[in-house]
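Heads up, the thing below is written out as structure tokens.
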Amino acid sequence: MPVPVNVRPTHPRTAAGPTTTIIKPVGPRCNLNCAYCYYLPTAAAFPPDERFTMSSAVLEAVVAQALEAAPGPVVHFVWHGGEPLLAGRPFYQRAFALQERLAPAGWTVTNSIQTNGTLLDERWADFLVAHRVAVGLSIDGSARTHDRLRPDRRGRPTHERASAAFARLRQRGAPPDVLCTVNAETAARPSEVYEALLGLGARWIQFIPVVEETDGSPAPAAVSARAYGEFLTAIFDRWVRHDIDRVVVQTFFEGLLAAAGRPGSLCVSAETCGQVLAIEHDGSVYSCDHFVRPEFQLGSVLDDSLGALATSARQQAFGLAKRDAIDATCLACPVLAYCHGGCPKDRGRYGSPSGRHALCAGYRAFYLHAAPLLTRMAELAASGGRASSIMAELASAEESLRTGLAHAGRNDLCPCGSGRKFKHCHGQPVR
């Protein structure tokens, strides 16, 4: 399986360095008006007349400092937004030329971009494929689940355009990864969402929960803890039985790492964070793109060393706070190794204690359900087999159960292993 990394970056799983830098060439500027966007409000941190356009001076400083700070020999650039395609192809042509000119001999530079896909026409598809840019595409499942919360600035639906962008890249042999939010619409229809993404041809899916609140409760577009856990459980039960070899679901892959005793490759599922810096269009550097606020600005690529900012005491403290500020109840939780308390940006919301994640109950319910199967998958892989062999094991066990249930007497012990008589378990009349 590939090793995907991080909540917001598209493909840091291919990065070699210890730090992932998200570059925002147009800041929060976007052609969509998603109901749940966390980044549009960051525009308030800049002057009212801000143009949100990265200058040539900032671009050169970003490329030069990212290369200087990287350990090599592979350096990965993540272009993000807002909608990064609004920067235009000439901007990226300059960026790629700078990378080629400034990279040390023998080094490899790779790029990925996260887009809503609505601007990704034939010319963009040709350009991105020609420059080997890995693409992450935001699409929230089916047209019904996507279009309610992801209109463009004129209120028009965008699912058809996003799906067309996926098809263009797939036709060119470069199907994008998919980022799908788990919100009030998608959480209510897990099967519909999953089937729609598989129908597109998705082979790598990241499910990102929308956590926003109103008066201490989930906002209208947000997902509740219970709904989040049920959403993941419904899709996991399908995936673990049929689709392990067909598609990588990042949340499940992270769970498999935890079950194997390995550290998470996502900041959200790691014990600490702080290794995903955000560089804004004006060169300002922030601890994380979920914390683009004055108190989390580390400096600027125009005045400071990116490498020094990434390893500064201030940034180290930011990253360690995820572990050190965790809720005391979490420390005794049986699934702590899977979630590590979740992203700090979502702690203390929905009326939860300040050190506890708003979706804590959902995480707990899902991982308690999935952990035994993830552990078995890890055992299969550790013994030299394939984690996907669990699909055959489950099919065999479930066929045996069906056979046992078909032949069980009313007073026999139920074949499901509950310890109860059949008549009090699976043999009860359906009401």
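The values are calculated or read from the model by the stated rules, or taken from the named source; none is laboratory data. Keep in mind it's a predicted model, so treat the numbers as computed, not measured. We place every Cβ from the backbone using ideal geometry, glycine too, and count neighbours over all the protein chains shown. With ligands, DNA and RNA removed, areas are computed over all heavy atoms of the protein, side chains included. Shrake-Rupley method; radii C 1.70, N 1.55, O 1.52, S 1.80 Å.
So, of the residues in region 302-338 that are touching a Ser or Thr at 6+ places or on another chain (Cβ under 6 Å) and among the aliphatic types (A, V, I, L, M), which turns out to be nearest to Pro372 (Cα to Cα)?
Ranking the candidates gives Leu320 first.
Quickly run through region 39-61 and pick out the residues that are of a type outside the set (S, T, N, Q) and in contact with a helix residue (DSSP H, G or I) (Cβ under 8 Å, 6 or more places away or on another chain).
Ala45, Glu50, Phe52, Met54, Leu59, Glu60
All but one of (1) open to solvent by 70 Å² or more (accessible area, probe 1.4 Å); (2) more than 21 Å from Ser354 (Cβ to Cβ); (3) without any contact (Cβ under 8 Å) to a residue 12 or more places away in the chain hold for Ala332; state the number of the condition that does not hold.
(2)
Please go through region 197-240 and pick out each residue that is open to solvent by 20 Å² or more (accessible area, probe 1.4 Å), among the small types (Gly, Ala, Ser) and more than 28 Å from Arg347 (Cβ to Cβ).
Of everything in region 197-240, just one residue is open to solvent by 20 Å² or more (accessible area, probe 1.4 Å), among the small types (Gly, Ala, Ser) and more than 28 Å from Arg347 (Cβ to Cβ), namely Gly199.
When residues of region 112-125 are filtered for being in contact with a His (Cβ under 7 Å, 6 or more places away or on another chain) and either surrounded by fewer than 16 Cβ atoms within 10 Å (Cβ to Cβ) or closer than 20 Å to Ala69 by Cβ (or both), how many remain?
Of the residues in region 112-125, 1 are in contact with a His (Cβ under 7 Å, 6 or more places away or on another chain) and either surrounded by fewer than 16 Cβ atoms within 10 Å (Cβ to Cβ) or closer than 20 Å to Ala69 by Cβ (or both).
Considering only region 38-79, state which residues are closer than 17 Å to Val292 by Cβ and acidic (Asp, Glu).
Glu50
Based on what the data block shows, is Ala97 open to solvent by 10 Å² or more (accessible area, probe 1.4 Å), of a type outside the set (Val, Ile, Thr) and either more than 18 Å from Ile22 (Cβ to Cβ) or touching a strand residue (DSSP E or B) at 6+ places or on another chain (Cβ under 6 Å) (or both)?
yes
All but one of (1) touching a residue at least 40 places away in the same chain (Cβ under 8 Å); (2) over 25 Å from Cys37 (Cα atoms) hold for Gly201, so report the exception by its number.
That leaves (1) as the condition not met.
Which residues, taken from region 274-323, are in contact with a Gly (Cβ under 6 Å, 6 or more places away or on another chain), crowded, with 16+ Cβ neighbours inside 10 Å and touching a residue at least 40 places away in the same chain (Cβ under 8 Å)?
The answer is Gly274, Glu280, His281, Val301, Gln315, Phe318, Gly319.
So is Ala174 aliphatic (A, V, I, L, M), touching a residue at least 24 places away in the same chain (Cβ under 8 Å) and surrounded by fewer than 21 Cβ atoms within 10 Å (Cβ to Cβ) or not? I'd like the intermediate steps shown before the answer.
On the way: aliphatic (A, V, I, L, M): yes; touching a residue at least 24 places away in the same chain (Cβ under 8 Å): yes; surrounded by fewer than 21 Cβ atoms within 10 Å (Cβ to Cβ): yes.
Against the criterion (aliphatic (A, V, I, L, M), touching a residue at least 24 places away in the same chain (Cβ under 8 Å) and surrounded by fewer than 21 Cβ atoms within 10 Å (Cβ to Cβ)), Ala174 qualifies.
Do you know which residues across region 53-87 are open to solvent by 30 Å² or more (accessible area, probe 1.4 Å) and part of a loop (DSSP other than H, G, I, E, B)?
Thr53, Ser55, Pro71, Pro73
Given the conditions (1) in contact with a Phe, Trp or Tyr (Cβ under 9 Å, 6 or more places away or on another chain); (2) of a type outside the set (Ser, Thr, Tyr); (3) surrounded by 15 or more Cβ atoms within 10 Å (Cβ to Cβ), which single one is not true for Arg410?
(3)
Among the candidates Leu119, Leu85, Leu102, single out the residue that is farther than 22 Å from Pro151 by Cα and in contact with a helix residue (DSSP H, G or I) (Cβ under 7 Å, 6 or more places away or on another chain).
Values: Leu119 fails: farther than 22 Å from Pro151 by Cα; Leu85 fails: farther than 22 Å from Pro151 by Cα.
Residue meeting the stated conditions: Leu102.
Taking the condition in contact (Cβ under 8 Å) with a residue 40 or more places away in the chain and open to solvent by less than 10 Å² (accessible area, probe 1.4 Å), does Ala165 pass?
Judged against the criteria, Ala165 is a match.
Pick out, from region 88-160, the helices (runs of 4 or more DSSP H) lying fully within it that include 1 or more residues that are modelled with pLDDT of 95 or more and closer than 30 Å to Phe231 by Cβ.
On the way: elements: 89-102, 122-130, 143-147.
It comes to 143-147.
Within region 246-255, does at least one residue satisfy the condition of being over 23 Å from His340 (Cα atoms), open to solvent by less than 30 Å² (accessible area, probe 1.4 Å) and in a loop (DSSP other than H, G, I, E, B)?
Filtering region 246-255 for residues over 23 Å from His340 (Cα atoms) gives 246-247.
Those still in the list that are open to solvent by less than 30 Å² (accessible area, probe 1.4 Å) too: 247.
Imposing the further condition that a residue be in a loop (DSSP other than H, G, I, E, B) reduces the set to 247.
Yes; the residues of region 246-255 include at least one that is over 23 Å from His340 (Cα atoms), open to solvent by less than 30 Å² (accessible area, probe 1.4 Å) and in a loop (DSSP other than H, G, I, E, B).
Take region 380-403 and flag every residue that is open to solvent by 50 Å² or more (accessible area, probe 1.4 Å), of a type outside the set (Gly, Ala, Ser) and either closer than 16 Å to Phe252 by Cβ or touching a strand residue (DSSP E or B) at 6+ places or on another chain (Cβ under 7 Å) (or both).
Matches in region 380-403: Arg386 only.
Please tell me if Arg153 is open to solvent by 40 Å² or more (accessible area, probe 1.4 Å) and in contact with a strand residue (DSSP E or B) (Cβ under 8 Å, 6 or more places away or on another chain).
Criteria met by Arg153.
In the list Arg364, Arg347, which residue meets the criterion of being without any contact (Cβ under 8 Å) to a residue 60 or more places away in the chain, open to solvent by 20 Å² or more (accessible area, probe 1.4 Å) and under 19 Å from the mean Cα position of the chain (by Cα)?
After ruling out the rest, the residue left standing is Arg347.
Does Ile208 satisfy being assigned to a helix (DSSP H, G or I), touching a strand residue (DSSP E or B) at 6+ places or on another chain (Cβ under 9 Å) and not aromatic (Phe, Trp, Tyr)? Break it down stepwise before answering.
Working: assigned to a helix (DSSP H, G or I): no; touching a strand residue (DSSP E or B) at 6+ places or on another chain (Cβ under 9 Å): yes; not aromatic (Phe, Trp, Tyr): yes.
Criteria not met by Ile208.
Tyr194: under 18 Å from Leu179 (Cα atoms), in contact with a Lys or Arg (Cβ under 7 Å, 6 or more places away or on another chain), of a type in the set (Phe, Trp, Tyr) and surrounded by 17 or more Cβ atoms within 10 Å (Cβ to Cβ), yes or no?
When the stated conditions are applied, Tyr194 passes them.
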